[in-house]
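Worksheet: one structure, shown below.
The values are calculated or read from the model by the stated rules, or taken from the named source; none is laboratory data. It should be emphasised that the depicted structure is a prediction, and the values quoted were computed from it without experimental measurement. Note: ideal-geometry Cβ built from the backbone for every residue, glycine included; neighbour counts use all protein chains shown.
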Amino acid sequence: MANFVWWKHGVVYQIYPRSFQDTDGDGVGDLKGIGERLAYLEWLGVDAIWISPIYPSPMADFGYDVSDYCNIDPLFGSLEEFDRLVAGAHARKIKVVLDFVPNHTSERHPWFLESRASRINPKRDWYIWRDGGPDGSPPNNWLSQFGGPAWTREARTGQYYLHSFLPEQPDLNWRNPAVRTAMYDVLRFWLDRGVDGFRVDVIWLLIKDAALRDNPPNPNYRPNEAGIHRFMQVYTADQPETHEVVAEMRFVLDQYDERVLIGEIYLPIERLVTYYGQDLRGAQLPFNFQLLHTAWTAAAVGKLVTDYEGALPPGGWPNWVLGNHDQPRIAARVGEAQARVAAMLLLTLRGTPTMYYGDELGIGRVAIPHEAVKDAWEKNEPGLGLGRDPSRTPFQWDATSNAGFSSGTPWLPVDPSFKSHNVKVLRADPASILSLYRDLLSIRRKHPALVSGTFRLQGTEGNALVFERKAESERIVVCLNFGDTEQPLPVEDFGRSVILASTHPDRASLDPKTVLRPNEGLTILTTALPS
């Protein structure tokens, strides 16, 4: 694995900074808190941390509305504290990846304040302004991702500006070369401070149709869905020119050693893989979110993995994601028992895994009382279950007040399960889900087959998914039971075998009559290939 760059052999761990560790008692996590918990991340065995936005922001969308790309919001700390965090992480051989939010700024960003001042302001074209219709209606039928029209009229100049999300988040005009130059300078600012890469927010939305054509109606739209699905996003997403922008970002990163460009992309596999770019000069890791939405069955997951592997361009490196700050947690989606199976799947598939903070504790869906809701999307489209607060609750360190997260009142409620689901308790239990994650991460580091090895699906039968990872003479077989009934296990195909990891820690060895128990996963090292 020596010739593998870090983002190929490593495991990325997403930190939602508001909710990781608060050190000043204001109920919101901070950079100092992340720094104080680096020892935990080193113990766990992750290779990189991806930090959600920490830039100055009015917090209309909790940091995804940026008012200054080259500073740190005082809520989280300072540039000096950020530098200390990077140095501390690097000293522990942990890389640091920053969230980059290029599609839109805050309405309070100096660029937008200039742009909205007049129609002839030099920065007018840094954003997307258009006249309304003859009747004063918006320029077209485009909708915001968070509900309602994607256009807001500015009374001062009589024009509408585009916002793919909240009105407080006006879209930048990425067709303007000056915008690109300014944003690439932002990348350099952080790269010069030692950042190891970027996760680029909504990268597939950066370019919009130049003619602003109406999106066609979605014939499959259902009233209980988010409003954005009323129309097919033909002219507001995945435009051909987007790939030029991604290639330019990649060029900036390539001027530095071993930096990674990760793109947030919610697209079908056949479109997702185009973001690797021509000659792989696009994003090294176009985020693969397919596991977030695929049916949790052996057949569906097996088909997904083979389809994705088959769609990758030559040399394209795969990646897998089970959860993030915008989606329900894995334990909320599949249950506590299957969350262990999911952990084994994530950390044994070919490619770079991304973990989400708290999944290693088995945190599920946290109920948020109506009066405690913070998420703007939930407030804009209530009753549809779109709220993201349940996936952003404070990390659970111990059984003390507020789970050891804060001495103050946490910005979101702590999961009531924190008395049992916390680092201190689970770390002492060799059978816990936290111990399972740590064991799997350790096994990955020790076995080349799980990092650089090939992938081959051996089959799906009933609820069982079996696949092989192989590197030279090392062969590892992963067997996962996606159901709550026993499944046959073809041990005769494994040769002489040793169990490296099990979701059921009492499983010590295999015998000819071994079956997969309900909700069981096994990672098996075969010391001799079957003849």
Hey, does region 204-214 have a residue that's among the acidic types (D, E) and touching a strand residue (DSSP E or B) at 6+ places or on another chain (Cβ under 7 Å)?
no
Within the set of pairs 6 or more residues apart or between chains, which connect a residue that is touching a residue at least 60 places away in the same chain (Cβ under 8 Å) and on the phi < 0 side of the Ramachandran plot inside region 285-304 to a residue that is in a loop (DSSP other than H, G, I, E, B) and polar (S, T, N, Q) with Cβ atoms less than 8 Å apart?
T297/N463; A298/N463; V301/T294
Does D214 count as under 23 Å from Y160 (Cβ atoms) and in a loop (DSSP other than H, G, I, E, B)?
yes
In region 110-156, the residues that are charged (D, E, K, R) and touching a Phe, Trp or Tyr at 6+ places or on another chain (Cβ under 9 Å)
E114, R116, R119, K123, R130, D131, R153, E154
Residue in region 138-155 that is surrounded by the fewest Cβ atoms within 10 Å (Cβ to Cβ), counting only those that are in contact with a Pro (Cβ under 9 Å, 6 or more places away or on another chain) and either small (G, A, S) or on the phi > 0 side of the Ramachandran plot (or both)
G148
Quick check, is T523 under 12 Å from T348 (Cα atoms) and in a strand (DSSP E or B)?
yes
How many residues does region 455-473 contain that are assigned to a loop (DSSP other than H, G, I, E, B) and at pLDDT below 95?
3
Cβ-Cβ below 9 Å, separation at least six or inter-chain, first residue in region 246-263 and at positive phi, second acidic (D, E): which pairs?
E258/D196
Among the numbered criteria (1) assigned to a helix (DSSP H, G or I); (2) outside the structural domain of K32 (by TED's automatic domain parsing), which single criterion is violated by K424?
(2)
Looking only at region 467-509, filter to residues that are within 21 Å of T454 (Cβ to Cβ) and of a type in the set (D, E); which one of those is surrounded by the most Cβ atoms within 10 Å (Cβ to Cβ)?
E468
Return the residues of region 6-38 that are of a type in the set (A, V, I, L, M) and either out of contact with any strand residue (DSSP E or B) (no Cβ under 9 Å at 6 or more places or on another chain) or outside the structural domain of R329 (by TED's automatic domain parsing) (or both); say none if nothing qualifies.
V28
Does any residue of region 334-350 turn out to be closer than 30 Å to Q278 by Cβ, crowded, with 22+ Cβ neighbours inside 10 Å and polar (S, T, N, Q)?
no
Residues located in region 436-448, provided they are touching a residue at least 60 places away in the same chain (Cβ under 8 Å) and either outside any loop (DSSP other than H, G, I, E, B) or surrounded by fewer than 19 Cβ atoms within 10 Å (Cβ to Cβ) (or both):
L436, Y437, R438, D439, L440, L441, S442, I443, R444, R445, P448
Quick one: in region 314-352, of everything that is polar (S, T, N, Q) and touching a Phe, Trp or Tyr at 6+ places or on another chain (Cβ under 7 Å), which residue is nearest to F165 (Cα to Cα)?
N324
Please verify whether region 489-507 includes one or more residues that are within 26 Å of P430 (Cβ to Cβ), in contact with a Phe, Trp or Tyr (Cβ under 7 Å, 6 or more places away or on another chain) and of a type in the set (F, W, Y).
no
Here is a check on your reading of the model: is S452 in a loop (DSSP other than H, G, I, E, B) and of a type in the set (G, A, S)?
yes
Examine region 97-117 for a residue that is surrounded by fewer than 22 Cβ atoms within 10 Å (Cβ to Cβ), under 20 Å from the mean Cα position of the chain (by Cα) and β-branched (V, I, T), and state whether such a residue exists.
no
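Across region 188-203, what is the total count of residues that are under 22 Å from the mean Cα position of the chain (by Cα) and part of a loop (DSSP other than H, G, I, E, B)? Write out each step before concluding.
Residues of region 188-203 under 22 Å from the mean Cα position of the chain (by Cα): 190-191, 194-203.
Now drop any that are not part of a loop (DSSP other than H, G, I, E, B), which leaves 194-196, 201-202.
The total comes to 5.
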